[in-house]
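K.L.:
This is the structure I want to talk about, given as structure tokens.
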Amino acid sequence: MRAIGDMLSDAAKAAAAKNGQDFSAESFEKMKKQVFADPDVRAFLTAHQDQLTKESVDASFASLYEYCRQKDSHDKVISGYLPQLFMEGPLIGIRYQASQDKQRRDKEAAAKRRIELIDLPEKLRRVKLADLDMADDRKQALFEVGAFLQAYQSNPHAKGLYLSGDFGVGKTYILAGLANRVAEMGGRVIFLHMPTFIAGLSSHFGDNSLQTEIQRLAACDVLILDDIGAETLSPWSRDDVLGVILQARMDNDLPTFFSSNFDMKTLESHFSATKNADDPVKAARLMQRVRYLAKEVVVYGNNRRLP
């Protein structure tokens, strides 16, 4: 069996060659001094001095050397991971742990995967509630969103919100901030643009996927229906699609959010007047579900889309 010193020497030679360095007995001794002078290495050796001997420290030099090379290096063995020393029996081992920055990025990526945007721009994934303008005209809406999020931490069946208001006052962005926060908390969110969704229902006919889509919307942790009231409904899309989704969510007390240019009373009139008929009874029934699921909050302000 080869002596550990020979193996360490070979490891050091390989590392030195990789870095374009000359290697000699003198440089190896210099390398050892640098490793054992490292504050983190010294702290580890001190903390585990009762478990270590001179022989075990010498036998662990390759791990100590790798640790010193990697902890401050931009050329990481594994990108985004930091080296960590640990006791591996009588020897010192090295393992790699995700850096705080990587953990943060991984957490953000996981949260983004928990939000499904349907017919809405990807930029909504970047909206943070903390970045939204806290103008007086939207304070009430932001307060209600905050109250929901606080309740949602302990109650996944907290009641949703119906944000009504003029064009461009920021209803969609407020709900995007809410969606991103719910996703950070571990909830799965579907956020869809109602007019485009209703207009595209026929695309599900060819592959018989409509029932699956309805079930997904009915069962997700949090559903957000953006711009409800701007769609053109038929009795079928009102009763057999939207009505079924909202009934299921009402039955299971699942948080549901809406944004609309209509207040709830006007939305009921919209539901009544479909393409082929006027049916106030079915409209009233549908609005009962909306009112059960969400509290109406008016968002005031000027059109923020205008320069």
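Quick grid of which residues meet (1) over 30 Å from L132 (Cα atoms); (2) among the polar types (S, T, N, Q); (3) touching a strand residue (DSSP E or B) at 6+ places or on another chain (Cβ under 8 Å):
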residue: G177; (1), (2), (3): no, no, no
residue: E184; (1), (2), (3): no, no, no
residue: M194; (1), (2), (3): no, no, yes
residue: G200; (1), (2), (3): yes, no, no
residue: S209; (1), (2), (3): yes, yes, no
residue: A248; (1), (2), (3): yes, no, no
residue: D263; (1), (2), (3): no, no, yes
residue: S269; (1), (2), (3): yes, yes, no
residue: T274; (1), (2), (3): yes, yes, no
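K.L.:
Which pairs have Cβ atoms under 8 Å, sit 6 or more apart or on different chains, and link a residue in region 197-220 that is closer than 24 Å to P255 by Cα to one that is surrounded by 14 or more Cβ atoms within 10 Å (Cβ to Cβ) and of a type in the set (S, T, Y)?
P.N.:
Pairs that qualify, where the first residue is closer than 24 Å to P255 by Cα and the partner is surrounded by 14 or more Cβ atoms within 10 Å (Cβ to Cβ) and of a type in the set (S, T, Y), are I198/S237; L201/S237.
K.L.:
Also, quick follow-up: Mind listing whichever residues of region 242-253 are surrounded by fewer than 20 Cβ atoms within 10 Å (Cβ to Cβ) and touching a residue at least 12 places away in the same chain (Cβ under 8 Å)?
P.N.:
Scanning region 242-253 gives G243, V244, Q247, A248, M250, N252, D253.
K.L.:
Here is a check on your reading of the model: is E296 assigned to a strand (DSSP E or B), of a type in the set (D, E) and more than 26 Å from the chain's Cα centre (by Cα)?
P.N.:
Yes; evaluated as a whole, the condition is true for this residue.
K.L.:
Please give the number of the condition T172 fails out of (1) among the polar types (S, T, N, Q); (2) more than 21 Å from the chain's Cα centre (by Cα); (3) within 29 Å of L149 (Cβ to Cβ).
P.N.:
For T172, the exception is condition (2).
K.L.:
Quick one: which of Y162, Y152, Y65 is touching a Leu at 6+ places or on another chain (Cβ under 9 Å), modelled with pLDDT of 95 or more and either hydrophobic (A, V, I, L, M, F, W, C) or crowded, with 17+ Cβ neighbours inside 10 Å (or both)?
P.N.:
The conditions single out Y162.
K.L.:
Can you tell me which residue among A219, A179, A151, A199 is over 28 Å from S237 (Cβ atoms) and among the aliphatic types (A, V, I, L, M)?
P.N.:
A151
K.L.:
Something else: I'd like the residue in region 268-307 that is under 22 Å from S237 (Cβ atoms) and acidic (D, E) and, out of all such residues, is modelled with the highest pLDDT.
P.N.:
E268
K.L.:
Select from region 255-270 the residues that are farther than 11 Å from M287 by Cα and buried (at least 21 other Cβ atoms within 10 Å of the Cβ) and list them in ascending order.
P.N.:
P255, T256, F257, F258, S259, S260
K.L.:
Also: In region 155-181, which residues are of a type in the set (F, W, Y) and free of Cβ contacts under 8 Å to residues at least 60 places away in the same chain?
P.N.:
Y173
K.L.:
Out of the residues in region 98-115 that are modelled with pLDDT of 85 or more and surrounded by 14 or more Cβ atoms within 10 Å (Cβ to Cβ), state the one that is farthest from T53 (Cα to Cα).
P.N.:
Filtering region 98-115 for residues that are modelled with pLDDT of 85 or more and surrounded by 14 or more Cβ atoms within 10 Å (Cβ to Cβ), the one farthest from T53 (Cα to Cα) comes out as I115.
K.L.:
Restricting attention to region 240-267, and to residues there that are at pLDDT 95 or above and of a type in the set (D, E), which single residue is nearest to F191 (Cα to Cα)?
P.N.:
Result: D253.
K.L.:
Mind checking which residues of region 131-157 are over 28 Å from M250 (Cβ atoms) and assigned to a helix (DSSP H, G or I)?
P.N.:
D131, D136, D137, K139
K.L.:
Quick check on this structure: which one of E88, E122 is at pLDDT 90 or above and not assigned by TED's automatic domain parsing to the domain that holds L192?
P.N.:
E88
K.L.:
Give L82, L129 a once-over and let me know the one that is assigned by TED's automatic domain parsing to the domain that holds I228, under 30 Å from R181 (Cα atoms), surrounded by 12 or more Cβ atoms within 10 Å (Cβ to Cβ) and of a type outside the set (S, T, N, Q).
P.N.:
L129
K.L.:
Out of A218, A176, A230, report the one residue that is closer than 22 Å to I115 by Cα and surrounded by fewer than 22 Cβ atoms within 10 Å (Cβ to Cβ).
P.N.:
Selected residue: A218, the only one of A218, A176, A230 that is closer than 22 Å to I115 by Cα and surrounded by fewer than 22 Cβ atoms within 10 Å (Cβ to Cβ).
K.L.:
Still on this model: Would you point out which residue out of G187, G170, G200 is in the same structural domain as Q140 (by TED's automatic domain parsing) and within 13 Å of E116 (Cβ to Cβ)?
P.N.:
Residue meeting the stated conditions: G187.
K.L.:
Kindly list, by first and then second residue, each pair from a residue in region 43-70 that is of a type in the set (G, A, S) to a residue that is surrounded by 17 or more Cβ atoms within 10 Å (Cβ to Cβ) and assigned to a helix (DSSP H, G or I), limited to pairs with Cβ atoms under 9 Å and residues at least 6 apart or on different chains.
P.N.:
These pairs meet every condition: A59/L8; A62/L8; A62/A12.
The values are calculated or read from the model by the stated rules, or taken from the named source; none is laboratory data. Computed from a prediction, not measured in an experiment: that's the story for all the values here. Cβ coordinates were reconstructed from backbone atoms using ideal geometry, including for glycine residues, and neighbour counts include every protein chain displayed.
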